[in-house]
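Peer 1: Have a look at the structure that comes next, please.
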Amino acid sequence: MGKTTLIVGKEAPAGNVFAEVAMKHQRSVVLSVGQEEKESDEQQNLPSTSWNIVPWNRTSSLSARSFIVKGEHLLTDITEFIVIFDANWYLSDFNTLNPTTCSRASDSMITSYFFMVSEIMSQIKKQGHGSVIFLFKSLPTVDLATKKEGEEKNRILVSASAAAFRGLAESVALEYASQEYSKVLLAKADSGIDDTRFATWLFEALDSPNTHGAKIDSRNGPQWLKLSNKPSSGFSFFKR
């Protein structure tokens, strides 16, 4: 059986690049799409693709479970779970600080990931194997964001949520590093890196014969691998 990849966190069509590159690397793919976008105008927003698209309602724990169940049905066996947090992608929706936006931000950028990661780890345990890969793209610097947008946006909610995502990823790496059935990888890129480059770097490294297990530094904890200009030489998944 070939590799299969479930991609969640950057919904279609924004996340299409990751699905495209995954398929170029001989993977069958399931990509998440927002519930509202799926229902609003599928023909316009979601053109026909060669990968599977499954809706995810971020506010619902049941929807996270349903997403995994449908992914398992479509892929039979899921070898890779890719969880994406692109901070700049969220900024246009969460650039004001008020009670309404705070509530939406918590649901979309924090609670939703806790729901989904809980289901992913349960699925990996059920299967007896699986890799969970956390991808993080940072916010641009304040100067760069101001110059590009023409005005400074409030970054507090996205920055705080990004910190929560990184904490979640690092905690999962620590908690599951000793489990034989699971592998955890943390990878990051600057906001200016386009998704094609990030995804290509990721899948080339995942397919490298040099990919292996590496012990977590007890002093510094899990470390994020950062995209660089150097040729890929494989990744080190966390192990104790």
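The values are calculated or read from the model by the stated rules, or taken from the named source; none is laboratory data. Nothing here was measured: the structure is a model prediction, and the numbers come from that model. Cβ atoms come from the backbone with ideal geometry, glycine included; neighbour counts cover every protein chain shown. Surface areas here come from the heavy atoms of the whole protein model, side chains and all, with no ligands, DNA or RNA. Shrake-Rupley method; radii C 1.70, N 1.55, O 1.52, S 1.80 Å.
Peer 1: Looking only at segment 80-102, which residues are crowded, with 20+ Cβ neighbours inside 10 Å and not in a helix (DSSP H, G or I)?
Peer 2: Result: GLU80, PHE81, ILE82, VAL83, ILE84, PHE85, ASP86, PHE94.
Peer 1: If you don't mind, there's one more thing I want to ask. Under 7 Å between Cβ atoms, which residue pairs at least 6 apart in sequence (or on different chains) link something in segment 53-69 that is in a loop (DSSP other than H, G, I, E, B) with a partner that is open to solvent by 30 Å² or more (accessible area, probe 1.4 Å) and of a type in the set (Asp, Glu)?
Peer 2: The qualifying pairs are ARG58/ASP107; THR59/ASP107.
Peer 1: Right, next: ALA173: open to solvent by less than 50 Å² (accessible area, probe 1.4 Å), at pLDDT 95 or above and among the small types (Gly, Ala, Ser), yes or no?
Peer 2: On the way: open to solvent by less than 50 Å² (accessible area, probe 1.4 Å): yes; at pLDDT 95 or above: no; among the small types (Gly, Ala, Ser): yes.
Taking the combined requirement at face value, the residue does not satisfy it.
Peer 1: Okay, next question. So which residues in segment 177-227 are small (Gly, Ala, Ser), open to solvent by 60 Å² or more (accessible area, probe 1.4 Å) and either outside any loop (DSSP other than H, G, I, E, B) or at pLDDT below 80 (or both)?
Peer 2: Initially, segment 177-227 is screened for residues small (Gly, Ala, Ser), giving 177-178, 182, 187, 189, 191-192, 199, 205, 208, 213-214, 218, 221.
Those still in the list that are open to solvent by 60 Å² or more (accessible area, probe 1.4 Å) too: 178, 192, 218.
Residue satisfying the conditions is SER218 alone.
Peer 1: Then there is this: Could you go through segment 155-170 and let me know if any residue there is outside any helix (DSSP H, G or I) and either modelled with pLDDT under 95 or not aliphatic (A, V, I, L, M) (or both).
Peer 2: We begin by selecting, within segment 155-170, every residue outside any helix (DSSP H, G or I); these are 155.
Still in the list and also either modelled with pLDDT under 95 or not aliphatic (A, V, I, L, M) (or both): 155.
Within segment 155-170 (the criterion being outside any helix (DSSP H, G or I) and either modelled with pLDDT under 95 or not aliphatic (A, V, I, L, M) (or both)), the answer is yes, since at least one residue qualifies.
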